[in-house]
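First the structure, in the form of structure tokens, and then the observations on it.
What follows draws every value from the coordinates through simple rules; no lab data is involved. The model shown is predicted, which means the values in this text are computed figures rather than measured ones. Quick reminder, even Gly has a Cβ in these numbers, built from the backbone with ideal geometry, and neighbours come from all protein chains shown.
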Amino acid sequence: MGRDLQSVWHPFVQRLTDPDPLPIVRGEGTYLYTEEGEKYLDAISSWWVTLHGHAHPKIAEAIGRQAKTLEQVIFTDFTHPGAVSVAEELLELLPEHFTKVFFTDNGSTAVEVALKMALQWWKNRKIERKTVVTFRGGYHGDTFGTMSMAGKNSFNTPFWSYLFEVQQIDPPFPGREEVSLNQLKEIMEKDRVAAFLFEPLIQGATGMRIYSQEGLETLLGVLRADGAFLIADEVMTGFGRTGPLFVSSHLKVTPDILALSKGITGGFLPLGATVTTERIYDAFLSSRREEALLHGHSYTANPLACAATLASLSLLREKSCQQKREWIGKAHKAFCKKLEGTSRLKRIESLGTILVAEFAGDGGYFSTLRKSLISHFMKHKIIVRPLGNVLYFMPPYCIEEEDLAHLYQTLESFL
Ligand SMILES: Cc1ncc(COP(=O)(O)O)c(C=O)c1O
């Protein structure tokens, strides 16, 4: 621990007031283990990435095999079988009009690329459209482009004067759909929208805020009719978190661009993928190099990450995995029903494998309730990471019945 504190700077941590990091040396299934052999239930899939459990042997073996064959190759003028297979398999799982996959290596850059694709499309086609619309209270990553997309908020205060401009509307929360639609129409009366970026159905990092699918579809329909590009940020929702593999496959108005990451490799290695259509891709074909998408990262489509993805996708496709996700979804719903009306809770709801409990009172990301929630759950050997006064569970799909019950009981004992 001393060595860590001496030399490591951790993300999203206020060192003066937050507890020291817990050293973890091993993972297996839903559990993480300390050096002393104490085990902790990972209720948040280690920042929403772990799908099938820690150190899953099938994924570990696939990475091992790949490491002995080809560990890395520059991905501009070269390709490798793993990347091609990942692209083919993703396209097979997604609606037909998606035909091209652009790789990066995390969620923020998958979104950055999505934005660049949309904005450069208008430039390449020599049409003047610049306005980007996003939902207020969203989160799309920590690079400057993605911070800008979230709008000025308390995550990015020091950088407000450096962020570029976006127009924002409220997400269509149930009963507020009309408000969002009117806000959008007001923007569209003044400006032609180039692109609309959204987290489908649930705003994750800012408080697991679930909004109306119908309301979203109405907004998407209006934007589509005016030719704006629709970008779904499925970095969190992708790969089964909300039940189906992708929210976008089930929307009445299908997006033009999808940003994927997090669960893509089953939680083993960093990879990002931005998936798009032939119509977008075509606008980048030109005799002028400047009209290409001049964006790339050193570890783009890393072969080890691709091998992990292929192994994870094969597990994800198994009937038993789908059944497990459905079972978690049903258990969450039943638990929500049980706690409905609890006075300390402002809301308790679920979406697929995600369960959300928002506490009444002292709200927001900086709520002090966070600390007492963490300390209560750590006493019960459960890892959670509340977003202020919003506690959520997003377990790996391999979670067993008694572990899920342990999560629920620990929330009840806190209440
Ligand atoms: C919806 C969404 N988009 C983008 C990101 C950024 O992903 P990364 O942390 O891999 O950059 C996140 C991360 O939480 C996210 O939830």
| query | Which value at 222 nm does the chain reach when only helices count, each DSSP H run of 4 or more adding -39,500 (n - 2.57), with the total divided by all residues and rounded to the nearest 500 deg cm²/dmol? | reply | -11500 deg cm²/dmol
| field | Taking the C-alpha atoms of region 285-373, convex hull volume expressed per residue in Å³ | value | 235 Å³
| query | What is the magnitude of the charge dipole of the chain about its Cα centre, with +1 placed on the Cβ of each Lys and Arg, -1 on the Cβ of each Asp and Glu, and no other charges, expressed in debye to the nearest 20? | reply | 360 debye
| task | Select from 68, 152, 130 the residue whose mean-square fluctuation is largest in a Gaussian network model of the chain (Cα-Cα springs shorter than 10 Å). | result | 68
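For region 61-316, what is the convex hull volume of the alpha-carbon atoms per residue, in Å³? Each step should come with its number before you reach the end.
Numbers: hull volume 32.8 nm³, N = 256.
Dividing the Cα hull volume of region 61-316 by its residues yields 128 Å³.
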| query | Residue-wise, which Karplus ³J(HN,Hα) couplings in Hz belong to region 306-318, taking 6.51 cos²θ - 1.76 cosθ + 1.60, θ = phi - 60°, and x for glycine or proline? | reply | 5, 5, 4, 4, 4, 5, 5, 4, 5, 5, 5, 7, 5
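Give me the net charge of residue 147's neighbourhood, meaning all other residues with Cβ under 13 Å from the Cβ of residue 147; Lys, Arg count +1, Asp, Glu -1.
In short, -2.
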| message | Under the rule of at least 5 residues apart or a separate chain, name every residue whose amide H is placed under 5 Å from the amide H of residue 387. | response | 392
| field | Long-range HN-HN contacts of residue 98 with modeled amide H, under 5 Å | value | none
| request: Quick one: work out the % antiparallel among DSSP beta bridges in the chain, nearest 5. | output: 65 percent
| remark: Residues whose modelled amide H sits under 5 Å from the amide H of residue 345, counting only those 5 or more places away in sequence or on another chain, are 360
| message | Along the charge dipole of region 1-156, pointing to its positive end and built from +1/-1 on Cβ of Lys, Arg, Asp and Glu, which listed residue (107, 118, 32) has its Cα farthest out? | response | 118
| task | Kindly provide the GluC sites (Glu not before Pro) of region 160-223 that DSSP labels as loop, not H, G, I, E or B, and whose Cβ sees at most 14 other Cβ atoms within 10 Å. | result | 165
| query | Using the Karplus equation 6.51 cos²θ - 1.76 cosθ + 1.60 (θ = phi - 60°), what ³J(HN,Hα) coupling, rounded to whole Hz, does each residue of region 397-409 give in order, writing x for Gly and Pro? | reply | 5, 7, 4, 8, 4, 5, 6, 5, 4, 4, 4, 4, 4
| task | Take the chain, connect every pair of alpha-carbon atoms lying under 10 Å apart with a spring to form a Gaussian network, then pick out the residue of 110, 225, 87 with the largest mean-square fluctuation. | result | 225
| task | Over the alpha-carbon set of region 221-366, work out the extent along each principal axis and list the three values in angstrom, largest first. | result | 64, 39, 33
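May I ask you to list the chymotrypsin sites (Phe, Trp or Tyr not before Pro) in region 116-218 that are in a DSSP loop and have at most 16 other Cβ atoms within 10 Å of their Cβ? Each step should come with its number before you reach the end.
Working: sites: 121, 122, 135, 139, 144, 155, 159, 160, 162, 164, 196, 198, 211; in loops: 139, 155, 164, 211.
Filter output for region 116-218: 155, 164.
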| remark: Checked against the positive end of the charge dipole of region 306-395 (+1 on Cβ of Lys and Arg, -1 on Cβ of Asp and Glu, about the Cα centre), the farthest of 336, 378, 359 is 378
| DSSP-assigned coil residues among trypsin sites (Lys or Arg not before Pro) in region 15-62, each with at most 13 further Cβ atoms within 10 Å | 15
| Residue by residue, what Karplus-based ³J(HN,Hα) values in Hz, rounded to whole numbers, does region 208-213 have, using 6.51, -1.76 and 1.60 with θ = phi - 60° and x for Gly and Pro? | 6, 8, 8, 10, 7, 5
| Listed residues 38, 89, 358, most fluctuating in the chain (Gaussian network, C-alpha, under 10 Å) | 38
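Using the number of other C-beta atoms within 10 angstrom as an exposure proxy, rank 309, 342, 368, 206 with the fewest first.
Values: 309 30, 342 15, 368 10, 206 21.
Least crowded to most crowded, the residues run 368, 342, 206, 309.
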